[in-house]
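Taken together, the values in this text are just the output of simple stated rules run on the coordinates, not laboratory data. Just so it is clear, the model here is predicted, and its values are computed rather than measured. Glycine gets a Cβ as well: all are built from the backbone with ideal geometry, and neighbour counts include every protein chain shown.
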Amino acid sequence: MLKSKKLIALCVLAMFMLSLAGCGGSAQQEVVIGNLQDLSGPTSVLGKAVTRGAEINVEKINAAGGINGKKIKLVTLDTKGDVQEAIKAFNRLADQEKVSAIVGPPVSNIGLAIAPIANSKKVPVIGSFIDPRVTVGENGQVQPAMFLIQPSSVQYAEIMASYTVEKLGLKKVGILYDQSNSFATSLVAPYKAYVTSVGGQIVSEQVYAKGDKDYKTQLTKIKESGAEAIYVPNYTQDAVITVKQRKQLGIDIPVIGGIDFAPPFSTLVNDPQAATNIYYANNFSDKEPQLTEAKNAYKAKFGEDPINKAYLGFDKIGIIAEAIKKANSSKAEDVMKALNDIKDYQGTTGIITLSPQTHQPVGLSMVMYKINNGVDEEIGRYVPEKHKK
């Protein structure tokens with residue numbers, strides 16, 4: 001009788017252990033990728049677009065059998081556009097969800113905040129935060145876990161500065177930016193340096209603080225300075241306010257914008273007379289064939305055309321998948337190492353090669369646009385002569 005009881009107990013234990021093994025085996029059939037975006041805060045337009053683009057590519061990859069036979073599970077957390085919320089969300093993705101990598105936000109403040117934690121935990125973040133300090137620290141050393149898939153702020157600012165002075169012939173420039181925002185400030189210094197290096201002049205530099213909604217005083221000072229153009233490297237919501245107040249003040253000089261002037265900027269302004277005479281550079285052209293698949297899938301799922309951040313979300317997932325394949329592992333540290341070997345990856349936004357020295361893309365070009373009466377008109381690709389050397 002005693003032997004029978006022992007035998008039953010051993011059988012129960014064996015079945016329990018098998019059930020645990022079965023659960024573990026099931027979990028191993030998934031690749032968990034985190035998605036850290038603002039879904040309800042001041043940059044939610046951008047965060048939602050990145051998320052949708054990521055979802056489209058996850059569905060595509062899973063429909064084709066996944067990565068090395070494993071389906072992707074995308075875990076999305078809302079940063080609310082807040083640094084502390086982002087840190088909490090990152091820790092949850094790294095420690096509880098055990099993600100292989102994280103789709104990062106297009107927000108430099110958050111990229112800077114999570115970089116040391118990502119480096120410590122060895123969980124790679126593939127983002128579109130263009131402040132170069134997110135990928136290369138102020139000590140000049142690469143941030144091991146942080147990767148960028150669009151031009152850095154230095155390259156972008158130099159493209160816009162060159163276009164201002166060397167293409168448009170506008171040599172007196174005023175600048176208006178949020179001094180508390182690392183995205184904006186990272187675009188100001190290289191722009192100023194390039195403008196002055198090619199014979200231009202910064203005639204007025206005006207700043208405001210996070211949360212400010214009235215820029216009329218600053219815009220008036222720029223107008224009185226004799227500026228021939230206004231450089232505005234700010235987030236979408238601030239840029240909308242700027243062009244509306246520019247119209248109210250009767251300022252008719254061109255605005256040289258950052259990438260946040262790309263769609264849906266014009267529709268958010270909702271005033272063609274305010275959304276006009278504006279130049280910006282985008283990651284892609286709608287005419288390029290590599291966009292077709294992602295664009296059609298996006299329209300079918302969401303009933304509207306994707307904006308540029310959606311394509312970046314799509315490409316972030318694609319690059320993570322490519323790194324997992326190269327590593328033949330979904331372990332975060334292995335994926336982080338494999339990201340250093342991404343070369344000639346055909347993304348929707350161009351051919352992407354990541355530099356092991358900077359974790360930034362090499363040689364990505366930009367497409368120039370002009371907004372006329374609320375309509376985005378493609379001008380063509382533009383590269384400063386300096387970048388060709």
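Placing unit charges on C-beta atoms (Lys and Arg positive, Asp and Glu negative, everything else neutral), compute the dipole magnitude of segment 203-249 about its Cα centre in debye, rounded to 20.
200 debye
Could you calculate the FRET efficiency of L268 with L168 from 1/(1 + (r/R0)^6), where r is the beta carbon distance between them and R0 is 25 Å, rounded to 0.05?
Plugging the Cβ-Cβ distance into 1/(1 + (r/R0)^6) gives 0.50.
May I ask for the distance between the Cα centers of segment 126-198 and segment 320-375, given as a whole number of Å?
Value for the Cα centre distance between the two parts: 19 Å.
Expected output is a single nm value to one decimal: the length gained when fully extending between Q290 and N373, i.e. 0.36 nm times separation in residues minus the C-alpha distance. What is it?
Result for the pair: 27.0 nm of gain on full extension.
How large is the dipole of segment 102-229 about the Cα centre if only Lys and Arg carry +1 and Asp and Glu carry -1, each at its Cβ, rounded to the nearest 20 debye?
Here segment 102-229 has a charge dipole of around 120 debye.
Report, to the nearest 10°, how far helix 44-63 tilts away from the longest principal axis of the Cα atoms in the chain, using its own Cα long axis and a range of 0 to 90°.
Between the helix axis and the principal axis of the chain, the angle is about 40 degrees.
In Å, what is the Rg of the alpha-carbon atoms in segment 199-351, and how long is Dmax?
When restricted to the Cα atoms of segment 199-351, Rg and Dmax are 20.1, 61 Å.
Where does each of 137-148, 373-384, 174-185 land if you order them by average Cβ count within 10 Å, highest first?
Highest-to-lowest ranking by the protection proxy: 174-185, 137-148, 373-384.
Rounded, prolate or oblate, given the Cα gyration tensor of segment 58-208, with a/c below 1.5 counting as rounded?
Prolate is the answer for segment 58-208, as a/c is 1.5 or above and a/b outweighs b/c.
Grab the Cα-Cα distance for Q346 and R381, subtract it from 0.36 nm times how many residues apart they are, and report the gain in nm with one decimal.
Taking Q346 through R381 to full extension adds about 10.8 nm, to one decimal.
Under the rule of -39500 (n - 2.57) per DSSP H run of 4 or more residues, summed and divided by the residues of the chain, what mean residue ellipticity at 222 nm is obtained, to the nearest 500 deg cm²/dmol?
Roughly -13500 deg cm²/dmol at 222 nm, from the helical runs in the chain.
Is segment 269-348 best put as rounded, prolate or oblate by its Cα gyration tensor, with a ≥ b ≥ c the root eigenvalues, rounded for a/c under 1.5, and otherwise prolate when a/b is larger than b/c, oblate when not?
Because a/c hits 1.5 or more and a/b exceeds b/c, segment 269-348 counts as prolate.
If a/c stays under 1.5 just call it rounded; otherwise compare a/b with b/c (prolate if a/b is bigger, oblate if not). Do that for segment 300-389, with a ≥ b ≥ c from the square roots of the Cα gyration tensor eigenvalues.
Taking the square roots of the gyration eigenvalues as a ≥ b ≥ c, segment 300-389 is oblate.
When Rg is the radius of gyration of the Cα atoms in the chain and Rh is its Kirkwood radius, what does Rg/Rh come to?
1.07
Using a 7 Å offset from the Cα along the Cα-to-Cβ direction at both S180 and K221, what is the distance between the two label points in nm, to one decimal?
1.8 nm
What are the ³J(HN,Hα) values, in whole Hz, obtained from phi via the Karplus relation 6.51 cos²θ - 1.76 cosθ + 1.60 with θ = phi - 60°, for each residue of segment 72-77 in sequence order, with x given for Gly and Pro?
8, 10, 9, 10, 9, 10
If the cut-off is a Cα-Cα distance under 22 Å, which lysines reach K213, setting aside same-chain residues fewer than 8 apart in sequence?
K80, K221, K223, K244, K247
Apply the Karplus curve 6.51 cos²θ - 1.76 cosθ + 1.60, θ = phi - 60°, to the phi angles in segment 293-299 and return the couplings in whole Hz, x for Gly and Pro.
Couplings: 4, 5, 4, 5, 5, 5, 5 Hz.
Which part of segment 133-163 falls in the paramagnetic zone of S120, meaning amide N under 17 Å from the point 7 Å along Cα-to-beta-carbon?
143-146
Would you work out the charge dipole size for the chain about its Cα centre, treating the Cβ of every Lys and Arg as +1 and the Cβ of every Asp and Glu as -1, and quote it to the nearest 20 debye?
Dipole magnitude for the chain comes out near 1140 debye.
I need the trypsin sites (Lys or Arg not before Pro) found in segment 187-289, filtered to DSSP loop residues with at most 13 other beta carbons within 10 Å of theirs.
For trypsin sites (Lys or Arg not before Pro) across segment 187-289 that sit outside H, G, I, E and B with at most 13 neighbouring Cβ atoms in 10 Å, the list reads K210, K213, K287.
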